[in-house]
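One structure follows; several queries about it will come next.
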Amino acid sequence: MKRSFLQRVQITVEGTVQGVGFRPFVYRLARELGLSGWVTNTRNGVLIEIEGDAGDIESFLGRLKLEAPASAMVESMNTSIIPVAAETYFSIAPSTETGQRALVIPPDLATCSDCCRELTDPEDRRFQHPFITCTQCGPRYSLLMAVPYERTNTTMVEFELCAACRAEYSSEADRRFHAEPIACPACGPRLSLWNEQGEEVAIGKDALHRVQLMLEEGLIVAVKGLGGFQLWVDAKSDKAVRRLRDQKRRPEKPFAVLFPSVDMVRDYCVLSSDGEALLRSAQAPIVLTRRRRQTHIADVVAPGNPYLGVMLPTTPLHHLLMALLQRPMVATSGNRSEEPIVTDEREALVRLKGIADAFLVHDRPIARSVDDSVVLMVDGAPKGNDRGETGKFKGDVMILRRARGYVPQAIRWSDGPADGVQGPVLAVGGHLKNTVALLREDRVVLSQHLGDLSTVEADKAFRQAISDLQQLLQVTPKAIACDLHPDYRSTTFARELAATLSVPFIPVQHHHAHVASCMAEHKLDGEVLGIAWDGAGYGRSGQVWGGEFLITSYRQFTRLASLNPFRLLGGEAAMKEPGRSAAALLWELMGEGMPEHQCPSWKISHNQREKFASVLKSGIASPWTTSMGRLFDAVASLTGLCQETTFEGQAAMAVQFAAERGIETSLEGYPIDLVLSESPGVKWILDWRPMMNALLDDLRRGRRAEVVATKFHVGLAEGVVRVAQAAGLPRVVLTGGCFQNRLLVSLVRRRLEAAGFSVYCHRLVPPNDGGLSLGQAVVAAHLLKDAQ
């Protein structure tokens, strides 16, 4: 029975509830139910006071979570009864600055269907307006300068609303009620086309048509998007894409392709229902999708790769350009290789000089760079998590690059009181695929993907991101966490900042951080078996680790097992020349007989083998490693799949792709032994020597690379099960860059689950080094608590 008496309730709502139309939704719901009171943004979410009939308030509370805007995410909602105020209306009150600032900031969202409809309606006053937006879509994080999320705290503060926009902003019946970044052709940003010298040559619609003609002629145009510049070129033109590769200094790493519609994506790729849902989602990431064999995409877009990174238009400007072009376009990050993405048009003239033939720019400032996110669907039925991020998908969504659409959404690593962990902790990530993170209590906010810290420009962007995150959230860390590697730029910075702030400096071992990051995603406490496979991570003894089985908790880990060590021939040179890893493995198998080994598919000259043998014999510049990534490299070289790489993971990808071609040919795995270790600090050794001997026998018999690669993958999966059974823990975590391999993940997970284990993979942060900062932050927070 509906209760009937006057009541006033205060409601605190936390989660992603700013910048997503939540206050207008609350306003309309309260008015519909005849309730009075107010709603306001606070530092930690939204505060509501609601007054009226108790039964209507009960209905209001039930609908508040069920009917919230699709882009909102209510994490917690607390209520308390307060004295009646006898108000007669409901309003949106000015934002308050009281309380501790929560680690919740709205992400940028792709253009919604309502705005797309208006964009193409000649009768609408925003017809073909490149900056159309509403409460459900458009820029948020990329233009936010401070919180709460209000227009005065964004880069749109420079654009005063015209009377028509002001009326929409103030009308509770309008879709743009309190939509902070709105504008129109009369009061919004201005689009223009510049030549290479920065001279304006066209504006508005004329600029769009000029860009269309340039791209159709095979020229390269730098387009200022939502979170930075993109470099556009015709994806069908081999000559144009090759020129972009030459100018950008990116020889073979795949480019993403922008399509005008889902229908055209299907013409070029095998698109699953999950893939389509991701492309159409508010996050609208780049989705790795298997390409069809006969397409007109230039081979140099993704050489030797059976997948295409596909995306749909995510901004009104994208929609307008693609409506004109009606063809697939390469749309890649606006930078030179290993440099951060460009965000400012004047800077673009300098940093993209010699690459872009023209610049399509606008005068809406970008507060921070935000690249496109990249995701991959992995086969299997996920358990899901408390927020349901993957609940609507048949398989797991694996994020490979976490940026636009996902950042800076906070990750809650604990359901309870965070085990007394407080923070704040700043974690600065690793050297490759860097992200940084801030932890306070049960939440961690990760920065957008920052890339590799190999250049001065990248280091500058890294430092700016740290300053930016602290300023935006008004957090001063009580500890600084970093990788254990003493020579990383990020480690040097962490050491300096900890000294400056007089706070603890906490290095976290690389693979411990990997496992902890996946544990934090799934809110796992206690011990797990963490399997961390990647290219390289600094071990406790200075050895290069990378094929690790760790008994892990947040506070500590024990090295249960690892790959049998081999030499990293030439140090970092081995990461670019897979033949060096092959030579190192053969050296362990046959010693000084390695140069004479006969294998037709191994395309390393006898002279080069002798040079390798000389270095291996001396041990110079060849540290010991347990790297699974280098084991993949060795197989790539021995099978003739890859002898030289130009980007990280290229050789391992070649082995994966060959195995995917041959997966139905054979499911028999190569043998791999689990033996007791003779070295201190690790109990078991996963011995690859029987595997390599069998692999070499197959190659000598002329077995195809596809069969060899398949048996290699299956053998590794069976080896994992043996270690898991020896560990005796029910929960197994898969992490590290090698587990970006969808075939490996599928084989390992299925075998582990068949053996009775619960398996956890990444879904909220990348399994690669882009997830390190989350693990570092959670580990350091626990160590900080223990030290207090």
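The values are calculated or read from the model by the stated rules, or taken from the named source; none is laboratory data. Keep in mind that this is a model prediction, so the values were computed, not measured. Positions of Cβ are generated from backbone atoms using ideal geometry, with glycine treated the same way; all protein chains shown enter the neighbour counts. Areas reflect the complete protein model, heavy atoms only, side chains present, ligands, DNA and RNA absent. Shrake-Rupley method; radii C 1.70, N 1.55, O 1.52, S 1.80 Å.
Please give the Cα centre distance for the stretch 354-370 versus the stretch 440-504, rounded to the nearest Å.
Spelled out, the Cα-based centre of one part sits 26 Å from the other.
Hey, another quick one. Probe radius 1.4 Å, ligands and nucleic acids left out: which of Asp483, Asp525 has the largest accessible area, and how do the rest follow? Kindly include the intermediate steps, with their values, before the conclusion.
Values: Asp483 0, Asp525 95 Å².
Ranking Asp483, Asp525 by accessible area, largest first, yields Asp525, Asp483.
Could you please state how large a percent of the accessible area of the stretch 633-743 is carbon and sulfur, counting protein chains only and using a 1.4 Å probe?
Values: 2030 of 4260 Å².
Carbon with sulfur: 48 percent of the solvent-accessible area.
Considering only C-alpha atoms, what is the centroid distance from the stretch 56-99 to the stretch 271-301, in Å?
Centre-to-centre (Cα) distance: 40 Å.
Taking a cut-off of 13 Å between Cα atoms, list the aspartates and glutamates near Lys523, but don't count ones fewer than 8 places away on the same chain.
Those aspartates and glutamates meeting the cut-off are Asp386, Asp415, Asp419, Asp442.
Calculate one ³J(HN,Hα) per residue across the stretch 667-680 by plugging θ = phi - 60° into the Karplus curve 6.51 cos²θ - 1.76 cosθ + 1.60, and present them in order as whole Hz with x for glycine and proline.
For the stretch 667-680, the Karplus curve yields 10, 7, x, 5, x, 9, 9, 10, 10, 5, 7, 9, 9, x Hz.
OK, next. Rounded to whole Å, give me the distance from the Cα center of the stretch 230-267 to that of the stretch 678-706.
Distance between centres, Cα-based: 39 Å.
Count charges around Arg364 for me, please; just the other residues with Cβ under 10 Å from its Cβ, Lys/Arg as +1, Asp/Glu as -1. Don't skip to the end; give the middle numbers.
On the way: positive: Arg190, Lys224; negative: Glu158, Asp363.
Cβ neighbours under 10 Å give a net charge of 0.
Ok, one more. Which order do you get for Arg327, Arg749, Arg290 if you rank them by accessible area with a 1.4 Å probe, largest at the top? Before the final figure, lay out each step's value.
Working: Arg327 60, Arg749 20, Arg290 95 Å².
Per-residue accessible area, sorted high to low, gives Arg290, Arg327, Arg749.
How much of the accessible area of the stretch 151-279, in percent, comes from carbon and sulfur atoms when a 1.4 Å probe is used?
Details: 2550 of 5330 Å².
Carbon with sulfur: 48 percent of the solvent-accessible area.
Continuing with the same structure: Consider a paramagnetic label point 7 Å from the Cα of Gln788 along Cα→Cβ; state which residues of the stretch 428-443 have an amide N under 14 Å from it.
439-443
Sticking with this structure for a sec: Can you give the extra length, in nm with one decimal, that the chain gains between Val456 and Ala323 once fully stretched, where that is 0.36 nm per residue apart less the Cα-Cα distance?
Working: separation 133, 0.36 × 133 = 47.88 nm, distance 3.87 nm.
Full-extension gain reported as 44.0 nm.
Follow-up question, since we're still on this one. Return one whole number: the accessible area per residue of the stretch 459-614 in Å², for a 1.4 Å probe. All intermediate terms of the calculation are to be shown ahead of the outcome.
Numbers: 5780 Å² over 156 residues.
Here the residues of the stretch 459-614 average 37 Å² of exposed surface.
Also: Would you please give the residues with an amide H less than 5 Å from that of Phe757, counting only those at least 5 places away or on a separate chain, with H modeled from the backbone geometry?
Long-range HN contacts for Phe757: none found.
Additional query: May I ask you to give the percent of accessible area on the stretch 1-134 that is carbon plus sulfur, with a probe radius of 1.4 Å?
On the way: 2960 of 5740 Å².
Carbon and sulfur together cover 52 percent of it.
Taking C-beta distances below 4.7 angstrom as the pairing criterion, name the unpartnered cysteines of the chain, in sequence order.
Cys115, Cys116, Cys134, Cys165, Cys184, Cys269, Cys482, Cys518, Cys599, Cys642, Cys738, Cys761
Counting only the heavy atoms of the protein chains, how much of His597 is accessible to a 1.4 Å probe, in Å² to the nearest 10?
About 10 Å², ignoring ligands and nucleic acids.
Here is a follow-up. What is the set of long-range amide H partners of Ala256 at a cut-off below 5 Å, with H atoms built 1.01 Å from backbone N?
The list, which skips near neighbours in sequence, is Ala331.
Still on this model: Provide the FRET efficiency to the nearest 0.05 for the Asp697-Asp363 pair, computing r from the beta carbons and using R0 = 51 Å. Provide the component values of the computation, followed by the final result.
Working: r = 66 Å, r/R0 = 1.29.
The pair Asp697/Asp363 has a calculated efficiency of 0.20.
Can you give the Kirkwood hydrodynamic radius for the stretch 281-382, in Å, rounded to one decimal and based on Cα pairs?
16.2
Mind ranking Met575, Met628 by accessible surface for me, highest first, 1.4 Å probe?
On the way: Met575 75, Met628 0 Å².
Largest accessible area first, the list is Met575, Met628.
If you count only protein heavy atoms and use a 1.4 Å probe, how large is the accessible surface of Cys642, to the nearest 10 Å²?
Roughly 10 Å² of Cys642 is accessible to a 1.4 Å probe.
Taking a probe of 1.4 angstrom, what is the accessible area of Thr476 in Å², to the nearest 10?
Only protein atoms counted, so the area is about 100 Å².
What are the ³J(HN,Hα) values, in whole Hz, obtained from phi via the Karplus relation 6.51 cos²θ - 1.76 cosθ + 1.60 with θ = phi - 60°, for each residue of the stretch 155-171 in sequence order, with x given for Gly and Pro?
Using θ = phi - 60°, the values come out as 6, 7, 4, 6, 10, 6, 5, 6, 4, 5, 5, 5, 5, 5, 4, 9, 9 Hz.
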